[in-house]
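Trainee: Let me begin by handing over the structure; questions about it come next.
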2 protein chains.
Amino acid sequence: MDDISAEPSTGRRQRGEGRGAAARRASRSGGGAGPAMPYITRKIRTYEVLDEEGLELIERNADTVLEEIGIEFRDDAEALELWREAGADVKGERVHFPKGLCRELLKTAPSEFTWHARNPERNVRIGGNATVFAPVYGSPFVRDLEGVRRYATLEDFRNFVKLAYMAPSIHSSGGTVCEPVDIPVNKRHLDMVYSHIKYSDKPFMGSVTAPERAEDSVAMAKLVFGDEFVENNCVMLNLINANSPMVFDETMLGAAKVYARHNQASVISPFILSGAMSPVTVAGTLTQILAEVLAGASFTQLIRPGAPVLFGTFAASISMQSGAPTFGTPEPALVSYGAAQLARRMGLPFRTGGSLCASKVPDAQAAHESANTLNMTLLAGANFVLHAAGWLEGGLAACYEKFMIDQDQLGMMQKMAEGVDLSESGQAMDAIREVGPGAHYLGCAHTQANFQTAFYRSALADNNSFEQWEIEGRKRIEDRANALCRSWLDAYEAPALDPAIDEALLAYVADRKNSMPDAFS
Amino acid sequence: MDDISAEPSTGRRQRGEGRGAAARRASRSGGGAGPAMPYITRKIRTYEVLDEEGLELIERNADTVLEEIGIEFRDDAEALELWREAGADVKGERVHFPKGLCRELLKTAPSEFTWHARNPERNVRIGGNATVFAPVYGSPFVRDLEGVRRYATLEDFRNFVKLAYMAPSIHSSGGTVCEPVDIPVNKRHLDMVYSHIKYSDKPFMGSVTAPERAEDSVAMAKLVFGDEFVENNCVMLNLINANSPMVFDETMLGAAKVYARHNQASVISPFILSGAMSPVTVAGTLTQILAEVLAGASFTQLIRPGAPVLFGTFAASISMQSGAPTFGTPEPALVSYGAAQLARRMGLPFRTGGSLCASKVPDAQAAHESANTLNMTLLAGANFVLHAAGWLEGGLAACYEKFMIDQDQLGMMQKMAEGVDLSESGQAMDAIREVGPGAHYLGCAHTQANFQTAFYRSALADNNSFEQWEIEGRKRIEDRANALCRSWLDAYEAPALDPAIDEALLAYVADRKNSMPDAFS
């Protein structure tokens, strides 16, 4: 087994190093800290499944949906009033959009922006040819390192934040990396946001489960970044799910409004299980997704023109036999590829994909479904990728072993995104001349000069002989992932945090918790 | 679990059915026999990693390799003489090719052709937008249904032929689906070719391990197809590996000559573990592959202009730490994508990919590596795909469970290749109108009309709840694959074979075996 690319960051090693130094070190053999890059800059093309005619057809159909059928903005009088003022035809809670209105509003949305981390070396770009991976989001359960499936706790939450911090191919600390079910619902977000800030210095997401929790997220971010910085820069991405089909509800609208007002980014994501929340066809699903995103994303511009917003897509299907969600199948891949094209035409950054699966264990089913999704994610050109590591059971469980396996695969995607090196060294004509017919390249000068960075090196793949593998105990990849995970958690050191900021955050959390009833809300 | 697409063929059901009837049935719910299509017709685009400039650069470099360094044709005076006559500069066994010679010779090679099966319904196209999947090739070991790794036997060989026959997403019976180690080396090919003909009616591959075994393969094919038919049509694809770097050896040249003379197809495949048999870079590897294929493929046209020939690529890397082969990593994917582009520019059908992995068990490592390879295989536009199912341990073992898991994934690729349906039904505007905001699509008319063919249905993925999965015994996918494999083998019925042909084949095999010494050669 090789272990360079997957060498984790630790706080100790990371501190005080410039990005250049970290990158140089990460690319050296036996190397050390941190990611070679804080995010992926894709040098490869995007893959497309629709031609111009197909794209125009879906755009026309989405316009028809917006105008004729409309989108509901529920339990939010302010939203309806804003739409009325903007020129939409509002009937009850149903908003009908004149052709072109949403696109006109979206002209103020940035096509690219920087998502700031408290450590500027960890800042990432959102949009263009940048890709940012973030961990699993929202699982109430974990599959722990003893192989037990149980409710997630705050300790699990912190562990996943630590692992994402250490993983060189994960660029964001994410958001609800699991639900800390041992903390009351109304207080949970405070511990979550604090944990992201305390245990990682990668960019994190805010709470979206209630407008006041979004306000708390913004307030805590301001303690870290300063008031003015937050109002002028994106320091949080926030997941705003549409209640598909064609509904935005009070909770999500409330959070979206808070974040947009504070110039923070909304990821407007139709949550689609095709066959239930959308038609059973790819083109029909794309039409509905486009309509929902046009409505939701342009709404953020009504709140604050220029607020960053993403075209989000969560695409899966249901089994038409059991109604269960399915992942890694061809149809959602086609949906995501198509949605990525539609997003690029709109000029919005795009979110989709990840390492999705329905399996209950990190077995070959989990891996096939995850790999099918992840390969698509990279080639579609997704800019922001939730659920990139640790997702199991359709998202119901965050799995430590799968987290480790997935982060290794993310490293492969990062290498893949570099594309083909056509430099003189890449062409390697000297090597071919030196070696000639019938010899081997192992010892030639070009190989010696390049072997340390030539190939992606997995920390988890066992490439040894069967005999060696037997001697080493016939381990499956999840056994190796388990051991690696334990060693990372043992080696973890928190990144430096200004004690004054830490104190202020803790005081804020304590104060807010004291103002709340103890019971679960 | 859903099980329509993965419903196996059986001989009984298959007999006497036209392709149209089989296709119609396969696309129906609960459906029956055979593949919906005997091969994949890709409606999706190919993915490309090189631009025009990059392609021209590699082509120029390959020309330089051919002219300046040359390719060795070893222990084959006839080959050297043919090259001399064709205008090459032959020094010892090293052939130097004047610029353009190979490409000029290749003008006679067909860009597409039909590979005939004894059942014409199973004929496949090789080239263009067709993709044909074939099983694992060449494994001396099997991982059997008891989970034991042992030498393969003729019974295993027959089992894999039967499984490939039954799998709707496998289009060819393949070749050495495993090495029947219980049969002497000099007689093995007779049993292998007979088994392909007897236990399947899908197109099969010939023996390449010695010229006389290639002659036996042709002779047996003639007993099935008739002399004239074989001389005028392709009934066998044959794997001709280059001995990379830049060598073709006596054995492979001998087999290639036999097949080309009889108008059978050669798959000229540089066998590359980058870092050992080629430079450690993608562009360098591509250059060498192109040079080797140009030399090997054009050689078949010296033997018989017009003989079908494929641009083959087997791309993997080695671990620069242990020297072990690695699979499913980014670099070989980039090599294969690039090679596919080079093949299309040459106008030759292309072979690469499959479900490659280094893992010793069908775990998540095996699946990630296989899926990374297979997704690339489809998007690269590979025309012929060896090792598409059952490959384990870098090809050392053919695995029953993995075979079943892989064939399920192949079905997904087949569905993916259909692309996006933009018909009126595909657009599903009626469904969106009928359902409207906040409702669901489960019962709407459009869903009812389309759900049976809407989504690929895996026979092996468990999409049920955790609780249901627990009740059913906490099975991993390999457990389900094991059970499915046993049920297929139990249900297997051989396709009809004219008793006179069967008798003639058996007599040929017996006669040839009697003429040989018993000992292993």
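Trainee: Mind running the shape call on region B:444-521? Use the C-alpha gyration tensor, a ≥ b ≥ c as the square roots of the eigenvalues: rounded below 1.5 for a/c, prolate if a/b tops b/c, oblate otherwise. Walk me through the numbers before you get to the answer.
Mentor: Values: a/c = 4.64, a/b = 2.08, b/c = 2.23.
In terms of gyration-tensor shape, oblate.
Trainee: Using alpha carbons only, how many degrees (0 to 90, rounded to 10) separate the axis of helix B:154-166 from the longest principal axis of chain B?
Mentor: Roughly 60 degrees between the two axes.
Trainee: Then there is this: Taking only Cα atoms, what is the 0 to 90° angle, nearest 10, from helix A:52-64's long axis to the longest principal axis of chain A?
Mentor: Value to nearest ten degrees: 30.
Trainee: Okay, moving on. For the Cα atoms of chain A, what angle does the longest principal axis make with the long axis of helix A:77-86, in degrees from 0 to 90, nearest 10?
Mentor: So the helix axis and the longest Cα principal axis differ by about 90 degrees.
Trainee: Starting at the first residue of region A:327-336, write each ³J(HN,Hα) from the Karplus equation 6.51 cos²θ - 1.76 cosθ + 1.60 with θ = phi - 60°, in whole Hz, x for Gly and Pro.
Mentor: Per-residue couplings from phi come out as 9, x, 8, x, 5, x, 5, 4, 4, 5 Hz.
Trainee: Suppose we keep just the alpha-carbon trace of region B:414-457; what are its Rg and Dmax in angstrom?
Mentor: Rg, Dmax (Cα atoms, Å): 11.5, 34.
Trainee: Can you list residues whose amide H is under 5 Å from A:Ala388's amide H, if they're 5+ apart or on another chain and H is modeled 1.01 Å from N?
Mentor: HN-HN under 5 Å from A:Ala388: A:Ala134, A:Val136, A:Ser355.
Trainee: Classify the protein assembly as shown as rounded, prolate or oblate, taking a ≥ b ≥ c as the square roots of the eigenvalues of its Cα gyration tensor: rounded when a/c is under 1.5, otherwise prolate if a/b is larger than b/c and oblate if not.
Mentor: It comes out prolate by the Cα gyration axes.
Trainee: Along region A:273-283, what does the Karplus equation 6.51 cos²θ - 1.76 cosθ + 1.60 (θ = phi - 60°) give for ³J(HN,Hα), rounded to whole Hz, x for Gly and Pro?
Mentor: Residue by residue, region A:273-283 yields 10, 4, x, 10, 8, 8, x, 6, 10, 5, 5 Hz.
Trainee: Once phi is turned into θ = phi - 60°, what whole-Hz ³J(HN,Hα) does the Karplus curve with 6.51, -1.76 and 1.60 give for every residue of region A:113-122, x standing for Gly and Pro?
Mentor: Going residue by residue, I get 7, 9, 9, 7, 9, 5, 9, x, 5, 9 Hz, with x marking Gly and Pro.
Trainee: Please rank B:Ile268, A:Ile197, B:Ile501, fewest neighbouring Cβ atoms within 10 Å first, as an exposure proxy. Walk me through the numbers on the way to the answer.
Mentor: On the way: B:Ile268 29, A:Ile197 22, B:Ile501 16.
Exposure proxy ranking, most exposed first: B:Ile501, A:Ile197, B:Ile268.
Trainee: Quick one: order B:Asp518, B:Asp75 by neighbouring beta-carbon count within 10 Å, fewest to most.
Mentor: Details: B:Asp518 8, B:Asp75 14.
With the fewest neighbours first, B:Asp518, B:Asp75 line up as B:Asp518, B:Asp75.
Trainee: Could you list, in their original order, any pairs among A:Lys198/A:Lys402; B:Lys43/B:Lys198; A:Lys360/B:Lys402 whose Cα atoms are separated by more than 22 Å?
Mentor: Check vs 22 Å cut-off fails for A:Lys198/A:Lys402; B:Lys43/B:Lys198.
Trainee: Here's another thing I want to ask about it. Add -39500 (n - 2.57) for each DSSP H run of 4 or more in chain B, then divide by its residues: what number comes out at 222 nm, to the nearest 500 deg cm²/dmol?
Mentor: Working: 20 runs with 232 residues, N = 521.
Dividing the helical sum by the residues of chain B leaves -13500 deg cm²/dmol.
Trainee: Can I ask one more? Using amide H atoms built 1.01 Å from N in the peptide plane, name the residues 5+ places from A:Ala398, or on other chains, whose amide H lies under 5 Å from its own.
Mentor: Amide H neighbours of A:Ala398: A:Phe141, A:Val142, A:Arg143.
Trainee: Under the classification rounded if a/c is under 1.5, otherwise prolate if a/b is larger than b/c and oblate if not, where does region A:102-418 fall, given a ≥ b ≥ c as square roots of the Cα gyration tensor eigenvalues?
Mentor: Working: a/c = 1.39, a/b = 1.05, b/c = 1.32.
The shape class here is rounded.
Trainee: To make sure I understand, if each residue's beta carbon is the centre and we count other beta carbons within 10 Å, what order do B:Tyr456, A:Tyr441 fall in, fewest to most?
Mentor: Numbers: B:Tyr456 24, A:Tyr441 28.
If I rank by nearby Cβ atoms, fewest first, I get B:Tyr456, A:Tyr441.
Trainee: Roughly how many whole Å is it from the C-alpha centroid of region B:181-237 to that of region A:446-521?
Mentor: For region B:181-237 versus region A:446-521, the Cα centre distance is 53 Å.
Trainee: Ok, one more. In debye, nearest 20: dipole of region A:102-418 around its Cα centre with unit charges on the Cβ of K, R (+) and D, E (-)? Mind showing how you got there, number by number?
Mentor: Values: 25 positive and 28 negative charges, 97 e Å.
The dipole magnitude comes to about 460 debye.
Trainee: Summarise the partner chain shielding of B:464-477 as one whole number: the mean count of Cβ atoms from other chains within 10 Å of each residue's Cβ.
Mentor: Values: counts 5, 6, 9, 1, 3, 5, 2, 0, 0, 0, 2, 3, 9, 8.
That works out to 4 on average.
Trainee: To continue, here is another question. Evaluate peptide B:450-459: per residue, the Cβ atoms of other protein chains within 10 Å of its Cβ; return the mean as an integer.
Mentor: Working: counts 6, 6, 3, 2, 10, 13, 5, 6, 8, 0.
Mean partner-chain Cβ count within 10 Å for B:450-459: 6.
Trainee: Enter the mean number of other protein chain beta carbons within 10 Å of the beta carbon of each residue in B:376-387, as an integer. Please report the intermediate quantities before stating the final value.
Mentor: Working: counts 3, 0, 2, 4, 0, 0, 0, 0, 0, 0, 0, 0.
Counting Cβ atoms of other protein chains within 10 Å of each residue's Cβ and averaging gives 1.
Trainee: 5 Å is the cut-off here: which amide hydrogens, built 1.01 Å from N in the peptide plane, fall below it relative to A:Leu310, excluding neighbours closer than 5 in sequence?
Mentor: A:Ser266, A:Val267, A:Ile268
Bear in mind that the values in this text are calculations on the coordinates, not laboratory data. Remember, predicted model here, so these are calculated numbers, not experimental data. Here Cβ is always computed from backbone atoms with ideal geometry, including for glycine, and neighbour counts include all displayed protein chains.
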